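I have placed the structure first, in the form of structure tokens, so that the comments after it can refer back to it.
The values are calculated or read from the model by the stated rules, or taken from the named source; none is laboratory data. Only a predicted model underlies this, so the values are computations on that prediction, with no experimental measurement involved. Note that we place each Cβ from the backbone using ideal geometry, even for glycine, and neighbour counts take in every protein chain shown.
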């Protein structure tokens, strides 16, 4: 064996040992179009970005102890992809789902994707995406960057999500949904095998489970919101906070919220198109930036506010 090849093999072996042994029992599992962080035999989180998928998404999204926080493709809304981003209407085509046959369907294509797992169990993803009506040319492009921190001692971790959208040669008319508000954008569908749902925002407004839309928070503007729950099987409490950066499009946006345990239907989303559409001029760009904080227990409001202030300075 040539010396340089032997050195490379030795270095690779040392890297794999480091990845498996550093931290606790965290290790990477990488596929052609997915990257997952494992804690022993449990998936902590997995980002899926295959070109055959309707949208890139995070699922599963759990604490290191296995407490699951999101739902993928529930029966009531198969197009809810756990933790994901999607526009609703672009130039009157539907990019959210394909259930509305009266509208032209839109496609979200992943053109390039690069995943970088790090030795400290952080990760970075760089994607380019294209938006176009079925059978038509691209009308909008996106540059997306996602970074994930290593789990802290308490099991919490952060997902920083930044995306720059640029219109093509023509303006892009952007519109949200109409069912109780203009839903569209960064979204989380919460685990269905859970109970005791609670939603709180940066303004101190709270909601617990109720039929239909959240009574107090739906449509309200906020810097951040937190959705917490209790896992039915284990009895463990955990939550997800979504923090919006002050330079994100239309900050502070209104939020679209559902905390209906009967169905069950738990969903929350900063929705910049909630109350009015927007036309992105030809060749111009807009940026959205969020931090997703996955945490054990109920939210510590003052801690999340400090987290938002730190994030806002970035």
* To do: Answer with yes or no whether residue 283 is over 20 Å from the mean Cα position of the chain (by Cα) and modelled with pLDDT of 95 or more.
  => yes
* To do: Looking only at the stretch 271-280, decide whether some residue is at pLDDT 95 or above, in contact with a strand residue (DSSP E or B) (Cβ under 8 Å, 6 or more places away or on another chain) and more than 22 Å from residue 89 (Cβ to Cβ).
  => no
* So, of the residues in the stretch 73-89 that are touching a residue at least 60 places away in the same chain (Cβ under 8 Å) and in a loop (DSSP other than H, G, I, E, B), which turns out to be nearest to residue 181 (Cα to Cα)? -> 88
* Asked: Is it the case that the stretch 229-239 has a residue that's under 17 Å from residue 181 (Cβ atoms) and either in contact (Cβ under 8 Å) with a residue 24 or more places away in the chain or buried (at least 17 other Cβ atoms within 10 Å of the Cβ) (or both)?
  -> no
* Condition met for residue 219 (touching a residue at least 40 places away in the same chain (Cβ under 8 Å), surrounded by fewer than 19 Cβ atoms within 10 Å (Cβ to Cβ), on the phi > 0 side of the Ramachandran plot and touching a helix residue (DSSP H, G or I) at 6+ places or on another chain (Cβ under 9 Å)) -> no
* Structure fact -> Residues of the stretch 160-216 being closer than 13 Å to residue 267 by Cβ, within 18 Å of the chain's Cα centre (by Cα) and not in a strand (DSSP E or B), in sequence order, are 183, 184, 191, 192
* Structure fact -> The lone condition residue 219 fails out of (1) farther than 25 Å from residue 157 by Cβ; (2) not in a loop (DSSP other than H, G, I, E, B) is (2)
* residue 192 is checked against (1) closer than 22 Å to residue 247 by Cβ; (2) surrounded by fewer than 20 Cβ atoms within 10 Å (Cβ to Cβ) and fails just one. What number does that condition carry? -> (1)
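If only one of 185, 181, 177 is at pLDDT below 95, crowded, with 20+ Cβ neighbours inside 10 Å and closer than 24 Å to residue 80 by Cβ, which one is it? Talk me through it step by step, then tell me what you get.
Values: 185 fails: at pLDDT below 95; 177 fails: crowded, with 20+ Cβ neighbours inside 10 Å.
It is 181.
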* **Count - residues of the stretch 246-271 that are in a loop (DSSP other than H, G, I, E, B), under 18 Å from the mean Cα position of the chain (by Cα) and under 17 Å from residue 188 (Cα atoms)** => 1
* Structure fact -> Result of the Cβ filter at 6 Å on the stretch 29-43, keeping first residues that are modelled with pLDDT of 95 or more and partners that are part of a loop (DSSP other than H, G, I, E, B), at least 6 apart or interchain, is 33/49; 33/50; 39/25; 39/64; 40/25; 42/66
* Which listed residue, of 108, 128, is under 28 Å from residue 171 (Cβ atoms), modelled with pLDDT of 95 or more and surrounded by fewer than 16 Cβ atoms within 10 Å (Cβ to Cβ) -> 128
* To do: Considering every residue within the stretch 275-292, establish whether at least one is buried (at least 20 other Cβ atoms within 10 Å of the Cβ), in contact with a helix residue (DSSP H, G or I) (Cβ under 6 Å, 6 or more places away or on another chain) and outside any helix (DSSP H, G or I).
  => yes
* Looking only at the stretch 56-72, which residues are in a loop (DSSP other than H, G, I, E, B) and within 11 Å of the chain's Cα centre (by Cα)? -> 56
* Structure fact -> Residue set 135, 155, 106; condition part of a loop (DSSP other than H, G, I, E, B) and free of Cβ contacts under 8 Å to residues at least 60 places away in the same chain; output residue 135
